[in-house]
Amino acid sequence: MLQILTSLLILLNPVIAFFAPSHVPIQDAPKIEAAFTNLDDYKLPLSENIFLASQLVPSYPIRNWNTPDPQITAKIALVFETSRQKILWQKDGLRESRPIASLTKLMTAVIAKEIMLPDTPITLAPEDLLVEGHHQNLQAGDFLSLEEAFYLLLVSSDNSIAQALSRTQTTEPEFIAKMNQKANALGMTRTTFSNASGLNGNLSTPADLFLLARYINQNHPDIWSISAQPNITIITRAGKTLELKNTNALIGKVPGLIGGKTGYTPQAAGSLLLVFEVGEERLVSVVLVSSDRFGDTQKIISWYWQNYFNQ
């Protein structure tokens, strides 16, 4: 019986090797040991038993290689499957640092949640309103709850709120230091933050942004639920009414959308991180340096539906 099983493994090995994930071309994608599957783990020796050999059968989703890649304007783009930590598709540099604009605010929200109590009041100072990109009804001296501040930060991408959050519980330099410390702790080795809004200077990579998205999935999923709100009206504790319009034009247009964050500056061009679910799988799409971030993301998601299948 053992000889028969061994012979079967030998006969199946070329077929198994053909389907193994290590044959999927990944351009310019060095291993990130903290985040991605080591494909060498799939190459089991023939002496292993039938059960272990069965693990070589590829896991879903499986790509249909007969169709071309999506044609997009973004210089860098990636799609990750979070549960299996698999790169499903990429365009150019997996670990190339680029300006990320307001994608920064995802880390701003993480740090604010981790150092502030839920009932922490956020008060706007005159200097907060000096930055561009704040709600027209906000004034110096306005105070908000932390939850209200998060809606302004993640729905309308308000820069004055990012500034206010960065100096509420600590000084702004200390807050920025915590952002960089968290990035290092998550393995985001090519990410640097110099401000809480993303207006200038902040750099990251698609691979690093995936690590941040995965951390939010696991520890702060309410960040996604807030970011996925469409147009919303907030009435503050002080009775002020704030009408917020989501900067993400794909809200309500992507099946299974969980959340995400937009970004734009002239230096960074357009960027978009989107989290969505297909069945039981959660995926992260990232586009950087795009002249059509929403159109590019829609093309990537449409391409995914056409070129992958899950079972």
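Quick notes on this structure:
- Hits in the range 191-201 - residues which are of a type in the set (Ser, Thr, Tyr) and surrounded by fewer than 20 Cβ atoms within 10 Å (Cβ to Cβ): THR192, SER194
- Test result for THR189, in a strand (DSSP E or B) and without any contact (Cβ under 8 Å) to a residue 24 or more places away in the chain: no
- Under the condition of being surrounded by fewer than 20 Cβ atoms within 10 Å (Cβ to Cβ) and either touching a Lys or Arg at 6+ places or on another chain (Cβ under 8 Å) or part of a loop (DSSP other than H, G, I, E, B) (or both), the residues counted in the range 77-87 number 4.
Values quoted throughout were computed directly from the atomic coordinates according to the rules given, and no laboratory measurement underlies them. This one's a predicted model, so the numbers in the text were calculated from it and none came from an experiment. A quick note on method: Cβ atoms are made from the backbone with ideal geometry, for glycine too, and the neighbour counts reach across all protein chains shown.
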